[in-house]
Amino acid sequence: MAPSQANFFNRELSWLEFNQRVLDEALNRETPPLERLRFLAITASNLDEFFMVRVGGLQLAAAGNALEKDAAGLTPRQQLDVISRRTHEMTADQYIFYLDTLEPLLAEAGIKRVRPQELTERQRTGFEQVFEEELYAVLTPMIVGADEDFPILGNQVLHVFVRLAPEAEGGEPRFAIIPLGRCSPRFITVPSEGGYAFVLLEDAVAFFAERFFPGEEIIECVPFRITRNADFAVREDLASDLMVEIEEVLDARRTSDCVRLEVSDHITTASLDFLRRSLTLAEHDVYALPGPLDFAAFMSLADVSGFDHLRDEPWPPQPAPRVDASVSMFEVIAQKDLLLYHPYESFEPVVRFLEEAADDPHVLAIKQTLYRTSRGSPVVAALRRAAEAGKYVTAIVELKARFDERRNIGWARELEESGAQVIYGIRGLKTHAKLCIIVRREPRGVRRYMHFGTGNYNESTAKLYSDVSFMTCNEDLAADATSFFNAITGYSQPQKYRKLEAAPIGLRDNIIELIESETARKKQGHAAKITAKINSLVDARLINALYKASQAGVPVRLNVRGICCLKPGVANLSENISVVSIVDRFLEHARIFSFHHGGEPRVFISSADWMPRNLDRRIELLTPVEDAECRNRLLEILEVYFLDNVKARYLNETGAYEPPPSKPHQIPLRSQAKLYQDVCRAAEQAKQSSRTVFEPHWAPGSEDGE
């Protein structure tokens, strides 16, 4: 079947529809107020990155008169046009919701934004002190004149634009800019009779603007914010030192072209024209906004203390039933393969796995990939401690992980200083695979223990993202994992693996082969089924393989969180394919695939989404889960998402997402709540079971106690 542009949704519009589903959670009246604010902040943060990367890349392509069309048949310029229309609509929806609904709702609940003019005498005293000590002493205005003298402004940093009266009647207008910086408090707390009251930073600066320009008449004072292009590729073919090249890319982002201007809609036409000319922006790149800029910053307001009743009930991660804190992780894994589903189950066993390895005198080596980690990463601390203890530590630190480059450079240097062998990723590829190998000497010989994951080694995001951890000492997987690591670090050609598959060599072909196997079985009259949980589906070859499976009658169920370029439900093409998206309190991030395989399901986890970037330009892993208990649990997890009738939204052939049709006497099932309830029940059962086992305290030196 030849690819047809009519068979694909545009990638960028599909992503924007995902962000709309996040915004829908903010609009949902059943969502607690501060969670609504959190979802609004997430949509704004998502748009920030979308403009920096996707819009920035398309603008570069359009500026170069690129005419190449995407799978949906749109040129870069056409994509920019439809993106602009859709993002202006979405931004308008954000502000209507915030101003008309959320801000009044929060004020009623005791979280109130106060304008400086509204302050009481008591509030004004403390407010002026904060301005004097934390703002006036820190902030520095800049006079700006001709366009060519326009200063370099920080990316996604709030600024206040000031128009001063001409020096003489009829003279030229004068402009100034006050950068508000990243360290200044966005929310200035003021005394309140119960509840929490705050003044926005930009309102404070505008209120006291005359302090920055004594003796001057201020005609206009409005906040604005720019977004710069961050879509820069590292020229690894020309880089003699990758770390230096990465640092140069970071420097380039500071001065790259602007792709968006957000500004208060109170700005005058003359001032807006001056800003647009100075920043070289078209009219459709301007977002004149009727309320506070940078909703992403409101994430910290969603965490304000004292208002737990305005948030979701906490779902703390539960201990895994099979993981006994008094038993070594090596002993746990040696007994049986272990599968954890975060954040429902704690990430602590993964961290403990590495910390025990760092301190265990029997551990000889640790080999690990690091893509994104937390600021005070206990994983990196364990690797450093292991290296300092003389263990052989090899870490592949991906310096090209976008927006985490600087942090990863720091980790790489610290690990090197500790004596670890550090590989700065692989030339021309990003190492996105999640793998840790621990080599340990035991009485029966050397054994390798492994952790395969779908998410990063980041204990912070592991509380927010749904991901799978699979821990095993299976010999076939150990041999494959070692070969995989050696191929990456030793310039060797990848060998044929026993169980694993890796991108960019064979992962796509393997998935297509699995799809085609189900297609062939169906054509032969046998049962067949494909079920997959992924974050994004873009790859045209995989989509066409799924279309062929559907045409053969194979039921294909896809749980796709974000981008989906496949069109489901199209007659004679994809009528056997359903696509569901779940947006809820945790970010769906796990990749789990199941193929019926004649009634003996083949089940896999993976670090890779079904996108060309993952399959062609990244090092990824596809890991089979063959242990019956672990495999069955993954199948149960997959099934829950397709039973969801609360948060599920099904994609139709027009590109819209709709809730599943309601059925008579239907019992509500919310997949994330169901998964959490299941792990709570299992944890409680394990706790009750442990109480029936009596373990005596032996006297020191007794034979049985030795």
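The values are calculated or read from the model by the stated rules, or taken from the named source; none is laboratory data. Keep in mind it's a predicted model, so treat the numbers as computed, not measured. As a convention, Cβ positions derive from the backbone with ideal geometry for all residues, glycine included, and neighbour counts pool all protein chains shown.
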Within the stretch 148-198, can you find the residues that are closer than 20 Å to R211 by Cα, among the β-branched types (V, I, T) and out of contact with any His (no Cβ under 6 Å at 6 or more places or on another chain)? V160, V162, I178, I188
Considering only strands (runs of 3 or more DSSP E) fully contained in the stretch 600-696, which possess at least 1 residues that are over 21 Å from the mean Cα position of the chain (by Cα) and more than 30 Å from K430 (Cβ to Cβ)? 648-651
Go through the residues of the stretch 508-522 one by one and say whether even a single one is buried (at least 22 other Cβ atoms within 10 Å of the Cβ), of a type in the set (G, A, S) and either touching a Gly at 6+ places or on another chain (Cβ under 9 Å) or on the phi < 0 side of the Ramachandran plot (or both). no
Hey, among the residues in the stretch 423-481 that are among the hydroxyl-bearing types (S, T, Y) and in contact with a helix residue (DSSP H, G or I) (Cβ under 9 Å, 6 or more places away or on another chain), which one's farthest from S328 (Cα to Cα)? Y424
Of everything in the stretch 646-692, what is surrounded by 12 or more Cβ atoms within 10 Å (Cβ to Cβ), more than 27 Å from Q318 (Cβ to Cβ) and among the hydrophobic types (A, V, I, L, M, F, W, C)? Give them in sequence order. L651
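One line per residue, one yes/no per condition, for (1) of a type in the set (K, R); (2) more than 22 Å from A481 (Cβ to Cβ); (3) out of contact with any Asp or Glu (no Cβ under 9 Å at 6 or more places or on another chain):
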{"position": "A549", "(1), (2), (3)": "no, yes, no"}
{"position": "V580", "(1), (2), (3)": "no, yes, no"}
{"position": "C630", "(1), (2), (3)": "no, no, no"}
{"position": "L643", "(1), (2), (3)": "no, yes, yes"}
Hey, among the residues in the stretch 405-446 that are of a type in the set (K, R) and over 21 Å from A230 (Cα atoms), which one's surrounded by the fewest Cβ atoms within 10 Å (Cβ to Cβ)? R444
Does E121 satisfy the condition of being surrounded by fewer than 17 Cβ atoms within 10 Å (Cβ to Cβ) and more than 36 Å from the chain's Cα centre (by Cα)? yes
Of the conditions (1) among the hydroxyl-bearing types (S, T, Y); (2) surrounded by fewer than 21 Cβ atoms within 10 Å (Cβ to Cβ); (3) touching a residue at least 40 places away in the same chain (Cβ under 8 Å); (4) more than 18 Å from V583 (Cβ to Cβ), S45 satisfies every one except a single condition; which number is it? (4)
Just one of the numbered conditions (1) surrounded by fewer than 19 Cβ atoms within 10 Å (Cβ to Cβ); (2) without any contact (Cβ under 8 Å) to a residue 24 or more places away in the chain; (3) not in a loop (DSSP other than H, G, I, E, B) is not true of F39; which one? (1)
Could you count how many residues in the stretch 458-470 are over 16 Å from S606 (Cβ atoms) and crowded, with 24+ Cβ neighbours inside 10 Å? 1
Kindly indicate whether V259 is at pLDDT 95 or above, assigned by TED's automatic domain parsing to the domain that holds G195 and of a type in the set (V, I, T). no
Strands (runs of 3 or more DSSP E) completely within the stretch 142-245 that count 3 or more residues being surrounded by 14 or more Cβ atoms within 10 Å (Cβ to Cβ) and at pLDDT below 90: none
Restricting attention to the stretch 303-321, does a residue exist that is farther than 30 Å from E30 by Cβ and more than 29 Å from the chain's Cα centre (by Cα)? no
For the stretch 584-599, name all the residues that are within 20 Å of the chain's Cα centre (by Cα) and not in a loop (DSSP other than H, G, I, E, B). L587, E588, I592
Quick check on the stretch 264-285: of everything there that is closer than 17 Å to M52 by Cα and crowded, with 20+ Cβ neighbours inside 10 Å, which residue is modelled with the lowest pLDDT? L279
Of all residues in the stretch 568-583 being assigned to a loop (DSSP other than H, G, I, E, B) and touching a helix residue (DSSP H, G or I) at 6+ places or on another chain (Cβ under 6 Å), which is farthest from L13 (Cα to Cα)? N576
Name the residues in the stretch 365-399 that are at pLDDT below 90 and either surrounded by fewer than 22 Cβ atoms within 10 Å (Cβ to Cβ) or more than 26 Å from the chain's Cα centre (by Cα) (or both), would you? R372, S374, R375, G376
For the stretch 595-619, pairs from a residue that is free of Cβ contacts under 8 Å to residues at least 40 places away in the same chain to a residue that is part of a helix (DSSP H, G or I), with Cβ under 7 Å and 6 or more apart or across chains, are P601/R631; P601/L635; V603/R631; V603/L634; V603/L635
Please give the number of the condition P504 fails out of (1) within 28 Å of P349 (Cα to Cα); (2) modelled with pLDDT under 95. (1)
Candidates I582, I543 - the one that is over 30 Å from L37 (Cβ atoms) and buried (at least 18 other Cβ atoms within 10 Å of the Cβ): I543
Complete set of residues in the stretch 482-518 that are under 15 Å from S607 (Cα atoms), of a type in the set (G, A, S) and without any contact (Cβ under 8 Å) to a residue 60 or more places away in the chain: G506
If I filter the stretch 360-368 for residues that are in a loop (DSSP other than H, G, I, E, B) and acidic (D, E), do I get at least one hit? yes
Restricting attention to the stretch 267-311, which residues are in a loop (DSSP other than H, G, I, E, B), in contact (Cβ under 8 Å) with a residue 24 or more places away in the chain and either touching a Leu at 6+ places or on another chain (Cβ under 9 Å) or within 20 Å of Q156 (Cα to Cα) (or both)? I267, P290, G291, P292, L293, D294, S300, V304, F307, R311
Identify, from the list L119, L139, L135, L158, the residue that is under 25 Å from L47 (Cβ atoms) and among the aliphatic types (A, V, I, L, M). L158
If I filter the stretch 638-645 for residues that are closer than 18 Å to I543 by Cβ, out of contact with any helix residue (DSSP H, G or I) (no Cβ under 6 Å at 6 or more places or on another chain) and crowded, with 17+ Cβ neighbours inside 10 Å, do I get at least one hit? no
Pair list, Cβ < 8 Å and 6+ apart or interchain, from the stretch 462-476 residues that are at pLDDT 95 or above to residues that are assigned to a helix (DSSP H, G or I) and of a type in the set (G, A, S): C473/A334
Condition check: under 30 Å from G110 (Cβ atoms), buried (at least 22 other Cβ atoms within 10 Å of the Cβ) and of a type outside the set (A, V, I, L, M). Does P343 satisfy that? yes
